[in-house]
Amino acid sequence: MSQLPARRRARLRARPVTALAVALSLCAAPFAQAEPFTGLAPAFDGSIRASGIDRAPITAGTDVTVSGSGLIPGQTVTLRSNGAPLTTAAPITVDADGAFETTLTLPDTAEPGTYPVVAELDGPDYAMIVDLKISPVLPETGSFDTVDRQLAPGLYQVARAADGEALYVTSAVGRPPVTQSELLKLDPETFDIIARTTPQAAPAREDGRDGGLYAVYGVGIAAEAGQVWVSNTRQDTVAVYDADDLSLLKQFEPGTIGHPRDVVEYDGKVYVSATFLPEIHVFDAESMTHEGVIELTSSRRRTDFGTASLQLDADRGRLFVVSLTSDEVAVVDLTSGTQSAVWPLTGSKGTIGVGYDPKSDRIFTAGQGSDNVQILDAASGELLHDVPVGANPLNIAVDPDTGTAFVAVRGSHSVVTITPEGEVTGTLTVGSLPNHLIADGAGGVLLVNKRNGEDDPSGDHITRITPQG
């Protein structure tokens, strides 16, 4: 939910072509030499995907699993790149369950990037393109001090009180109905748990099934009101807890905001992103009421802006928000409550994370589908630097004193540090699946990560990371 799937899928629905069309596109055979069209085969619903072994990133020199499902038993599949077959054996035959699986080995010299693989299907005849994304691998560099502690399962986000006296961490496990979720309050030095609470039960779903808990995901702090705001993503709503003892102050009704993600407070107002929608919802912290919606527009034709991460510029009263659906970054003027700018992020795919450096006035964006961080001038939107960071970067936090951006690179299980000038100054391997991080106010960051399977001792930790030298 907070991230795009690591495997790239291509859908077959209503995309039939004849063998003639395949021959023409791949071999450029003259039309006069081809057999005539005989009509299209009935449409079917299937998918073919490429993934790393055991969900690992696809990198140069590694094996890649190409698998299909929902196909027609007995169909044959040929995979090609630049017209050449990728397997030397006979075409792959779809089994009785409509599935197939094969393994390819990438050369050590393969360059990072996204490559189109053509899948030709015969009996009936279809063709489709499967994206094969090869991720960059950064060597471990730099020097860091780390202190960590394992907490509750399913850690999602972390927030820090303005006075630095407490940390707040959300956790949620599994898909709906979610039955395990907690909001934790921690000592910022020892990571001891000061208080913890389990969200209340949610109403039954429309189909009558158990609604689980109002599981907590995004988290933000309204300091003057003494509140912790959380997003209940599964129920499309938000809740407010007391920052002192974590008692529930208000649970908003389901359906208040579509798929809420990030929570940011500024000048008594709480701003919540509605993932995939062109909306930021505004709440009043003191009265705990929903005040309205800031509508966002895309700079791209016939495309909607689909919000993901939020980043506050408190000094200038601005909010930066990236779009997952259209790969853009928008600027919201919080004084007027309107969008003041929007810029396309050319070369970024699946843009999900955003950070901001107030000293250089630069925006950092994370492209989970393109494995890069882009650095823009916040005044003009000019792209200044494009930095490869590893597989599936997710979230970004910037130290306001040094301008160093810390990038949680989920697929590579690492944190990468980048200067505003685009220089990579460090790469640190951390526990599995780093999920969210924030500046700690002392030159480093606080990171939470998730388990990679049940027997993963490195997961569900909070870690303080401090650069040395």
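The order of 288, 128 by accessible area, most exposed first and with a 1.4 Å probe, is 288, 128. Residue by residue, segment 357-367 carries 3J(HN,Hα) couplings of 10, x, 5, 8, 6, 10, 9, 10, 10, 10, x Hz when phi is fed to the Karplus relation 6.51 cos²θ - 1.76 cosθ + 1.60 (θ = phi - 60°); x denotes Gly or Pro.
Residues whose amide H lies under 5 Å from that of residue 305, counting only those 5 or more places away or on a different chain, are 298; hydrogens are built 1.01 Å from N in the peptide plane. Over all other residues within a Cβ to Cβ distance under 14 Å of residue 214, the charged ones net out to -1, with Lys and Arg as +1 and Asp and Glu as -1. Residues in segment 132-142 carry Karplus couplings, in order, of 10, 9, 9, 8, x, 10, 9, x, 6, 9, x Hz; the curve used is 6.51 cos²θ - 1.76 cosθ + 1.60 with θ = phi - 60°, and Gly or Pro positions show x. In the context of the full set of protein chains, residues of the chain present 43 Å² of accessible surface per residue (probe radius 1.4 Å, heavy atoms only). Counting protein heavy atoms only, the chain has 49 percent of its accessible area on carbon and sulfur, 1.4 angstrom probe. Within segment 65-221, the ratio Rg/Rh, alpha carbon atoms throughout and Rh by Kirkwood, equals 1.18.
Computed with a 1.4 Å probe over protein heavy atoms only, the accessible area of residue 126 comes to about 0 Å².
Two-decimal Rg/Rh of segment 176-306 from alpha-carbon positions, Kirkwood Rh? Rounded to two decimals, Rg/Rh equals 1.00.
Across segment 331-415 the C-alpha pair distances fall into 10 Å bins from zero in the proportions 19, 49, 28, 4, 0 percent. Subtracting the Cα-Cα distance of residue 301 and residue 55 from 0.36 nm times their residue separation leaves 85.1 nm of extension gain. Taking a straight Cα-Cα cut-off under 13 Å and skipping sequence neighbours fewer than 8 places away in the same chain, the aspartates and glutamates within cross-link reach of residue 349 are 131, 327, 328, 371, 386. The relative contact order of the chain, computed from alpha carbon pairs under 8 Å that lie at least 6 residues apart in sequence, is 11 percent. Accessible surface ranking for 108, 456, 145, 1.4 angstrom probe, highest first: 108, 145, 456. For segment 288-433, the alpha carbon convex hull comes to 122 Å³ per residue, rounded to a whole number. Largest accessible area first, the residues 301, 196, 464 order themselves as 301, 196, 464 under a 1.4 Å probe with ligands, DNA and RNA left out.
The three principal axes of the C-alpha atoms in segment 195-247 carry coordinate ranges of 41, 19, 14 Å, sorted with the longest axis first. Distances between placed amide hydrogens fall under 5 Å for residue 216 paired with 171, 182, all partners being 5 or more residues away or on another chain. Taking a straight line from the alpha carbon of residue 269, these lysines sit under 27 Å away, with near neighbours fewer than eight places off in the same chain left out: 185, 250, 359. In sequence order, segment 169-175 has phi-based couplings of 10, 9, 8, 7, 10, x, 9 Hz under the Karplus curve 6.51 cos²θ - 1.76 cosθ + 1.60, θ = phi - 60°, and Gly or Pro positions carry x.
The values are calculated or read from the model by the stated rules, or taken from the named source; none is laboratory data. A quick note: this is a predicted structure, and the numbers were derived from the prediction, not measured. So basically every Cβ, Gly included, is an ideal-geometry build from the backbone, and we count neighbours across all protein chains shown. Surface areas here come from the heavy atoms of the whole protein model, side chains and all, with no ligands, DNA or RNA. Shrake-Rupley method; radii C 1.70, N 1.55, O 1.52, S 1.80 Å.
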